[in-house]
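Worksheet: the structure to be examined is printed underneath.
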Amino acid sequence: TDFDSRKKRKVAEIYQALNSDPIDVAALRRMAISEGGLLTDEIRCKVWPKLLSVNTDDLPPLPAGKELREDNKDYQQVLLDVRRSLRRFPPGMPDDQREGLQEELIDIILHVLKRNPQLHYYQGYHDIVVTFLLVVGDRLATALVEKLSTHHLRDFMDPTMDNTKHILNYLMPIIDQVNPEVHDFMQSAEVGTIFALSWLITWFGHVLSDFRHVVRLYDFFLACHPLMPIYFAAVIVLHREQEVLDCECDMASVHHLLSQIPQDLPYETLISRAGDLFVQFPPSELAREAAQQQAERTAASTFKDFELASVQQRPDTVLRQRFRERPRAEERTKSILTKPRTNRFVKLAVMGLTVALGAAALAVVKSALEWAPKFELQIFP
């Protein structure tokens, strides 16, 4: 069939990029972004390290679990989270095999934290680590997760949630650029962005039940700029436009709707759409609006927040900060003055075609490469 021949051709191109000297990392990034991603776990074991510049010839041996667990301040919390992670293992896996993997999972997490005392464990981190463990095994997973934790996930691992909240602040400006109606509806409902927190900090690992979809997204995120998960969160909300607008315009209803992620999303379409939006509205353009959102929030938590938090039973829900209501008219005029809205839908349709041809993938790759050296700096001042 056509699909099989395309798949064969893609596998051949991936191996060609891996075997060229030097390795063609830009081509590997393109393959990871384009339709179907990296296709198999066998290929992921070879390509993921290249996307993260991890040298697989020189992996350190793993320390014994016992010494890691003694006097580790995070051990109890990690243990609780890992015990709760049953559904992240393939259904039908024998209990003893799963329990062995859960022990490895605890050791990987404690090892990375011990070697990087500047990193702070957060609930949801184990959802990312288990994905790597299941795909590449414990030794390689440890090296990849350590690199990821000091780069892409660095902001989630601060002592406070300030940087994480700052990244969530990019969500509404992206939605506003594409669909002002959905944006304004969400503002009126005062829903905030906490519904997307677990998506962001677990790279969707916690909320998607099909492992194939999770690893497909990991291919995409590993090949892109660290902010790509927030663009993907935005395209999920935009994809559900009708459901959102049909919802009661109040915080609890909209939050409930959005936090239940549909499992039958058209992943490939959404991935190329996120790539489009990244090219059209790069983070540098949205940074000012994201910062403005931060300034316009008030930390006063109302009863509604606590009520919602107790329903969600997640401590971070309480951190949801509220928008002060600005007079709607003033806001509309201001946005009309500051943002010329071309016919975005036409523009997006055209962009959709270019992504199918892989053009936006190249732009995303380019920005990822430009971004890479800046990793060592504090990404969000």
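The values are calculated or read from the model by the stated rules, or taken from the named source; none is laboratory data. The structure displayed is predicted, hence computed values, not measured ones. Ideal geometry is used to build each Cβ from the backbone, glycine not excepted, and the neighbour counts take in all protein chains shown. The protein model used for the area step is the full one, side chains on, heavy atoms only, and it has no ligands, DNA or RNA in it. Shrake-Rupley method; radii C 1.70, N 1.55, O 1.52, S 1.80 Å.
Across region 76-88, computed HN-Hα scalar couplings (Karplus, 6.51 cos²θ - 1.76 cosθ + 1.60, θ = phi - 60°) run 4, 5, 4, 4, 4, 5, 5, 5, 7, 8, 3, 6, 7 Hz from first to last residue, x flagging Gly and Pro. Computed from backbone phi, the HN-Hα couplings of region 212-219 come to 4, 5, 4, 5, 4, 5, 5, 3 Hz, rounded to whole numbers (Karplus: 6.51 cos²θ - 1.76 cosθ + 1.60, θ = phi - 60°; Gly and Pro given as x). Computed from the C-beta positions of Gln77 and Phe3, the FRET efficiency with R₀ = 41 Å rounds to 0.40. Would you work out what percent of the accessible area of region 2-150, with all protein chains in place, is carbon or sulfur (probe 1.4 Å)? On region 2-150, the fraction of accessible area on carbon and sulfur atoms equals 50 percent. Note on region 176-264: semi-axes of the ellipsoid equivalent to its C-alpha gyration tensor, largest first and rounded to whole Å, are 24, 14, 11.
The charge dipole of region 161-300, taken about its Cα centre with unit charges on the Cβ of Lys, Arg, Asp and Glu (plus for the first two, minus for the last two), comes to roughly 520 debye.
Surface exposure of region 50-154, expressed per residue as accessible area with a 1.4 Å probe, stands at 48 Å².
With a simple spin-label model that places each label point 7 Å from the Cα along the Cα-to-Cβ direction, the separation between Asp184 and Asn116 comes to 4.3 nm. Across the accessible surface of region 161-300, with the other protein chains kept in place and a 1.4 Å probe, carbon and sulfur atoms take up 51 percent.
Taking amide H as placed 1.01 Å from N in the peptide plane, His225 has its amide H under 5 Å from the amide H of Ala368, each at least 5 places away in sequence or on another chain. Each peptide among 95-108, 71-84, 197-210 gets the average number of other Cβ atoms lying within 10 Å of its residues, and from highest to lowest they stand as 197-210, 95-108, 71-84.
Loop-resident GluC sites (Glu not before Pro) (DSSP state other than H, G, I, E or B) in region 194-270 with no more than 13 further Cβ atoms inside 10 Å of their Cβ: Glu248. Per residue, the Cα convex hull of region 2-150 amounts to 131 Å³.
Computed with a 1.4 Å probe over protein heavy atoms only, the accessible surface of region 161-300 comes to 30 Å² per residue.
Across region 81-105, the residues whose backbone nitrogen lies under 18 Å from the label position 7 Å along the beta-carbon direction of Arg69 are 81-86, 96-105.
Backbone phi angles across region 25-31, fed through the Karplus curve with coefficients 6.51, -1.76 and 1.60 (θ = phi - 60°), yield HN-Hα couplings of 5, 4, 5, 5, 4, 4, 4 Hz in residue order; Gly and Pro are listed as x.
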